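This report concerns only the one structure given below.
Nothing in this text is a laboratory measurement; each read-out follows from the coordinates by a stated rule. For clarity, every value in this text was computed on a predicted model and none was experimentally measured. Quick reminder, even Gly has a Cβ in these numbers, built from the backbone with ideal geometry, and neighbours come from all protein chains shown.
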Amino acid sequence: MSRNVVGIVMNGVTGRMGYRQHLVRSVLAIREQGGLPLGDGTVIWPEPILVGRSEHKLKELADRHGLEHWTTDLGEALAHPLAQIYFDAQVTQAREKAIRTAIEAGKHIYTEKPTAESLDAAVELARMAREAGVCNGAVQDKLFLPGLLKLKRLIDSGFFGQILSVRGEFGYWVFEGDWQTAQRPSWNYRAEDGGGMILDMFPHWRYVLDGLFGEVRSVYAHTATHVPERFDEQGRSYAATADDAAYGVFELDGGITAQINSSWAVRVDRDELVEFQVDGTEGSAVAGLRNCRVQHRSLTPKPVWNPDLPVTESFRDQWQLVPDNGEFDNGFKIQWELFLKHVVTGSEYQWDLLEGAKGVQLAELGLRSAREGRRLDVPALEI
């Protein structure tokens, strides 16, 4: 079996998401399984080329995982003879410039979202990649979560009949950072540093809604900064200038209404950190990260509203669990494998930078909707 070595310049892997999900659980996991087989006796062998600002962190990370290639110079990394793909998991503010540099160097592009801070910049990156003829993709990992894969299976089977509505709940309490360390970096709560719930999560909701239910046609959003003061990594207080919660209503193709609440100031009373309830004429489902429960029309109970009597039935027990019917791999790793095959074999790949730009578009319109207090149409996006 021969190896097709594909060098991947990985920028931002000293951060939480870049390290855990993309380096360890995706790229290194592919290597641990012996590479990515193509079925013709060849395996794709991803070779990370780490790049970042901290020499100390990069060296420690490379030593920990036995990796050979790392540098603090992006130009040097892109010029590496093995480098074919540039991957970006930096903070949003640094992403556009780095991706432009990588496109100009002729590298294929794979990037976390949002792909840029503004719609104009995101569309320009997509245009540049297309004109340069490089493969390009944006991370849309939630489409590959077990819970949403099961939900997609239900949709494709016609289980719901006509889908009427989608309700999403996402979030958890992020500690303020004074008496307990915050679980997220402080820049997430400063608008001037590219933080904010809408900019972080509306790009996710765009590809989930588009990919599962129908194109988003309008948005109405309300934002809040529920926790106005937080404490950074050094224990210093700072003003939270970005929205830490966003409440959105979206109109989709086919008249479907979607409502999604996103908050870092909510305590969890759900089975999973994100859940989507889908209601249709023939049945309903509740899908999370891993599990999916259903209730068919023929098995729908008849609750009776009576505030004078205690509830004697367990509503959650009236749902059935959708079986796995197979093994589910890490969602980030699945998309990495698809992108690697796309680069090496030219196989079809639909989650490109234009799809990533749609997420930036929805975030931009969501922020504008919140400022102006009105519903806004979401026009079709083209390069």
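Angle of helix 331-345 to the longest C-alpha principal axis of the chain, folded into 0 to 90 degrees and rounded to 10: 50°. Over all pairs of different C-alpha atoms in the range 194-291, the reciprocal of the mean inverse distance, the Kirkwood hydrodynamic radius, equals 15.2 Å. What you get for the range 264-330, charging only the Cβ of Lys and Arg (+1) and of Asp and Glu (-1), is a dipole of about 180 debye around the Cα centre.
Before rounding to the nearest 500, sum -39500 (n - 2.57) across all DSSP H runs of length at least 4 in the chain and divide by the residue total; then give [θ] at 222 nm in deg cm²/dmol.
Roughly -9000 deg cm²/dmol at 222 nm, from the helical runs in the chain.
Each residue, residue 371 and residue 325, gets one label point 7 Å from its Cα in the Cβ direction; the gap between the two is 4.7 nm. If you take the Cα centroid of the range 238-252 and the Cα centroid of the range 88-135, the two points sit 25 Å apart. Compute log10 of I(q)/I(0) for the range 66-194 with the Debye formula, placing one identical point scatterer on every Cα and leaving out solvent, at q = 0.11, 0.13, 0.18, 0.20 Å⁻¹, to two decimals. Computed log10 I(q)/I(0) values: -0.62, -0.82, -1.08, -1.14.
Could you sort the peptides 321-333, 12-24, 101-113, 168-180 by per-residue average Cβ neighbour count (10 Å cutoff), highest mean leading? Please report the intermediate quantities before stating the final value.
Values: 321-333: 14.0, 12-24: 19.8, 101-113: 21.9, 168-180: 16.8.
Taking the mean over residues of other Cβ atoms within 10 Å, the ranking is 101-113, 12-24, 168-180, 321-333.
Considering only DSSP beta bridges whose two residues both sit in the chain, what percent are antiparallel, to the nearest 5?
Details: 40 of 72 bridges.
Expressed as a percentage, antiparallel bridges in the chain total about 55.
Assuming charge only on the beta carbon of Lys and Arg (+1) and of Asp and Glu (-1), the dipole of the range 210-339 about its Cα centre is about 240 debye to the nearest 20. Only alpha carbons enter this Debye calculation for the range 161-241, each as an equal point scatterer, and the log10 of I(q)/I(0) it gives at q = 0.10, 0.24 Å⁻¹ is -0.34, -1.19. Computed from backbone phi, the HN-Hα couplings of the range 133-138 come to x, 9, 5, 8, x, 10 Hz, rounded to whole numbers (Karplus: 6.51 cos²θ - 1.76 cosθ + 1.60, θ = phi - 60°; Gly and Pro given as x). The separation of the range 314-335 from the range 283-307, counted between C-alpha centres, amounts to 15 Å. Across q = 0.10 Å⁻¹, the range 12-136 modelled as identical point scatterers on its alpha-carbon atoms has Debye log10 I(q)/I(0) values of -0.32, in the order of the q list.
Principal-axis analysis of the Cα atoms of the chain puts helix 55-65 at an angle of about 80° to the longest axis.
With kT/(6 pi eta Rh) evaluated at 25 °C and eta = 0.890 mPa s, and Rh the Kirkwood radius from Cα pairs, the range 1-71 diffuses with a coefficient of 196 µm²/s according to Stokes-Einstein.
On a 0 to 90 degree scale, rounded to 10, what angle separates helix 197-212 from the longest Cα axis of the chain? Value to nearest ten degrees: 80.
Here the chain was treated as a single set of alpha-carbon atoms; its pair distances binned every 20 Å from 0 give 26, 57, 17, 1 percent. Each Lys and Arg adds +1 at its Cβ and each Asp and Glu adds -1 at its Cβ; summed about the Cα centre, the chain shows a dipole of about 280 debye. Out of every Cα-Cα pair that the range 237-344 contains, those further apart than 17 angstrom amount to 73 percent.
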